[in-house]
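Here's the structure, in structure tokens; my notes come after.
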Amino acid sequence: MHANARICDHCQRAKALRRYCRACSPKAAAIYNREARREAKAAGQRYWLEWWEKTYGEAALTKRREYHQMYMRSYRRRRKKVKAA
Ligand SMILES: [Zn+2]
């Protein structure tokens with residue numbers, strides 16, 4: 001493939017500078033991390049567990065579940081508010 005004819009890896013629309021286009025370049029780290037998380041999830045890897053265990057030890061899984069329940073609850077509340085407005 002010619003170096004000057006590359007298309008952005010993310011949006012597949014704009015011409016890439018290197019891997020991403022001008023608009024997607026600042027988001028490169030976020031795009032990469034999202035992909036890495038998706039692959040880890042597909043492979044069944046719990047890469048986050050180590051961090052949670054550092055803080056909560058044995059209770060790590062319970063604490064993480066609680067955190068996500070809280071997060072989703074507030075997310076739905078926020079979304080409801082936006083919809084109502
Ligand atoms: Zn792009």
*Table column - 3J(HN,Hα) (Hz), the stretch 45-54, Karplus curve with 6.51, -1.76, 1.60, x for Gly and Pro*: 8, 9, 5, 7, 4, 4, 5, 5, 5, 4
_Need one number: nm distance between label points at Arg76 and Tyr56, each 7 Å from Cα along Cα→Cβ, rounded to one decimal._
1.9
*asked:* Which of rounded, prolate or oblate describes the chain when judged by the alpha-carbon gyration tensor and an a/c cut-off of 1.5?
replied: oblate
*asked:* Within the chain, how many Lys pairs that are eight or more residues apart, or on different chains, come under 23 Å at the alpha-carbon?
replied: 5
*When the chain is fully extended, how far beyond the present Cα-Cα distance does Asn33 get from Glu66, taking 0.36 nm per residue of separation?*
9.5 nm
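No lab work stands behind these numbers, since they all come straight from the coordinates. Being a predicted model, the structure only gives us computed values, none of them experimental. No Cβ is skipped: glycine too gets one built from the backbone with ideal geometry, and neighbour counts run over all protein chains shown.
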